Structure formats: structure tokens, C-alpha cells
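Comments concern the structure below.
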Amino acid sequence: MKVLVTGGAGFIGSHVAHELIRQGDDVIVLDNLYQGHREAVHPDATFIEGDLADKSLLDQLFAEHKPDAVMHFASHTLVGESMEKPFLYLRENIVNGLNLLETAVAHGTLKFVLSSTANLFDDPERMPIDEQERIVPGSPYGESKAILERMLHWLDVTKGMKYAALRYFNACGCGLGLGEDHDPETHLIPIVLQVALGQREQITVFGDDYETRDGTCVRDYIHVLDLASAHILALRALDQGSRTYNLGTGNGFTVQEIIETAREVTGHPIPAVAGPRRAGDPATLIASSEKIGRELGWEPRHSDIRSVISDAWEWMSANPQGYGQS
Ligand code: UDP
């Protein structure tokens, strides 16, 4: 299959693009390199540096390459940043996503996999969170993904677009020679490992008075290689219809447990201090992925928390300055 991967130079997109190529698919990566890295693009992928705001570029890309499917990762992805810059998220995630959808439909590309988010579930009634849970976006970022999911619904009804919306919980780990390299870094596991590398003095724990087993937030950490396999299974199943899945392990770890495991993996004391809560953080987020397991036979194989942290540690200690500067 020929697959257009937007954001294919970013953390999750690059892993999925590499895995597609490993499985024999043709991949076109479109990325503006705002957060992505040229070095993360597979050498056998066709790379186009460009922005989804550029409709004529999109038109040209679809006319020339005629992709069979789109996997859409290119996006602003930070909950906290979206609270400070709502227009950036509402405009770019929604308008650029709409540009992509409109161009895909115009060129007859009617298979689409959307990178969606657990930030659709700000006020869950049940834990673990399954696909029946009410959509209550927790931020302009979450809202932008909720709107893209609704657009896909209507394009299925009106244009026969077959889509998969994949809501992931905490993506982490790495593999296939790739890593996680955000600037600035805001995610727990890479920050903890930056402390172990001596790049930060300590980790600040955002809140230790939550109603959880040790007072710190509980999250469901899912290895990016498991996310990649879920994306590809969902892509191959689109012929049988559109689908929406929550992707996690069904297990949660506290911030303290992550720090403790990172101490064991790295042998570094990793000093931690308690700080105030971060705005918008729910106490606990755990996914039920029973549906994708039942329908597509997916199961996480790489996501035990020690493997996640040691895979990330292996890449970060080999590439302490991230891509392109090691
Ligand atoms: N966190 C923390 N200190 C940090 C970064 C994150 O205590 O420097 C906490 C954060 O409050 C959340 C968890 O770690 O409870 C995971 O945060 P991350 O930003 O990695 O992912 P999110 O859950 O926001 O998607």
C-alpha cells in the first residue's frame, strides 16, 4: 500500500513510517520539521518538507503520489500549551486537518488513520476508559482532536471515507533506531532520563496530593512500538469499515513509580521534588483496549514499564543531545 504519513519525522509518526516500510509498504512522509527531525525519516521514504496549511502543496502531492491511505500525525500535541495558545491549536490542528481531509477526498484517497488522544476524556465515569465513555475534551488540544473525529464521521457518511481514530494514552519508549526528541521536552519519562543524564538537576513532581496510591498521578504508558502495530492493524482493517479504539495497556503507574523504575534502570539517584499540580492533569487515566484486542487481535508486547524505560534510556544515553547532534 502507498501511505502518506503526515508528521512522519516526529516521535510516533517516524516509528509508524519505519514499521510500514519494514512490512513492505511505500511511504511518503510530509513534515514541516517544526518538531520532527529529518534524521528520523526512513531513507526509503519519499520525504516532502512542507506544511498542511499549504493547500496547493497538498494538491500537488496527492496528484503526483496518489496515496492509497493517509496516516495523520502532524499536529500540535501539548495539552498545557493549548491552554495558553488556544488559537494555535484550534486553527492549525483543525484547519490543517480539514485541508488534508478535503484534498484526500478530492483525490479519491478514502482511507484515513487519525492520531487522536486520551485528552477526549477529562471527566471519565469509568476507569479503565473504554470507547463508550463520553467525550469531554480537557483542553483546546483535545477539542481539536474531537472535532477531527467528528469530521471523519461525516466524511464516512457523505463520502465513504473509511477511518480509524486511535486515542492513545501516554506514548513512550522507542525502537527501530529511533527516539523521542522534543524541544522543549515536557513528557515525564524523557525528563526523568534527562536527570539521569545530568542534563537537569532534578525532576519536579507535579502534585503529590491526588487521590491515588501514593498521591501522584496515574497514567497508562504505552510503548510506541505497540502503538505502531495498532496503527498498522487498523489501517489494514479499513476495508471492513471505520473504527475507533482507545490504546493503552489497562495498567497505570504513578509518577513516583516511574521515577523509581528509572532509578533502577539507570542506576542514577534521580532527585525528585514535589511541586504544585499542573493545570489540566486528571488524577488517573487508564485505557481499556479490550475492543482492539477483540476485533483486531492487538495486544501490547513491548509495554512493560521496565522495557519502556530501558528502551528510552538506551537511545537517550547513545544520543544525549537527541537527533543530529550526537
Ligand atoms: N509530570 C511530572 N513532572 C514533569 C512532567 C510530567 O510530574 O516534569 C507528570 C504529569 O503531571 C502527569 C505525568 O507526569 O501526571 C505524565 O505527564 P506527561 O506530560 O508525560 O504526559 P500527559 O499525561 O500529560 O499526556
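The values are calculated or read from the model by the stated rules, or taken from the named source; none is laboratory data. Owing to the predicted nature of the structure, the values given are computational and were not obtained by experimental measurement. Because the Cβ atoms are built from the backbone with ideal geometry, glycine has one as well, and the counts that use them run over all protein chains shown. SASA here: full protein model, heavy atoms, side chains in, ligands and nucleic acids out. Shrake-Rupley method; radii C 1.70, N 1.55, O 1.52, S 1.80 Å.
Laid out as a table, the results:
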| item | result |
| --- | --- |
| Among (1) of a type in the set (Gly, Ala, Ser); (2) under 23 Å from Tyr168 (Cα atoms); (3) more than 16 Å from the ligand (Cβ to nearest atom) - the single one Gly108 does not satisfy | (2) |
| Filtered residue count, segment 192-225, keeping only those that are under 30 Å from Ala9 (Cβ atoms) and either open to solvent by 20 Å² or more (accessible area, probe 1.4 Å) or at pLDDT below 95 (or both) | 9 |
| Qualifying strands (runs of 3 or more DSSP E) (wholly inside segment 1-58; at least 1 residues being over 20 Å from Gly108 (Cα atoms)) | 26-31, 46-49 |
| First in segment 300-326 and free of Cβ contacts under 8 Å to residues at least 40 places away in the same chain, second anywhere and assigned to a loop (DSSP other than H, G, I, E, B) and of a type in the set (D, E, K, R), Cβ under 9 Å, 6 or more apart | Gln321/Asp181 |
| Members of segment 35-84 found to be of a type in the set (Gly, Ala, Ser) and either within 16 Å of the ligand (Cβ to nearest atom) or buried (at least 19 other Cβ atoms within 10 Å of the Cβ) (or both), listed by number | Gly36, Ala40, Ala45, Ala69, Ala74, Ser75, Gly80, Ser82 |
| Residue count, segment 26-52 (criterion: hydrophobic (A, V, I, L, M, F, W, C) and out of contact with any strand residue (DSSP E or B) (no Cβ under 7 Å at 6 or more places or on another chain)) | 1 |
| Residue in segment 271-303 that is modelled with the highest pLDDT, counting only those that are open to solvent by less than 50 Å² (accessible area, probe 1.4 Å), within 9 Å of the ligand (Cβ to nearest atom) and part of a loop (DSSP other than H, G, I, E, B) | Ala283 |
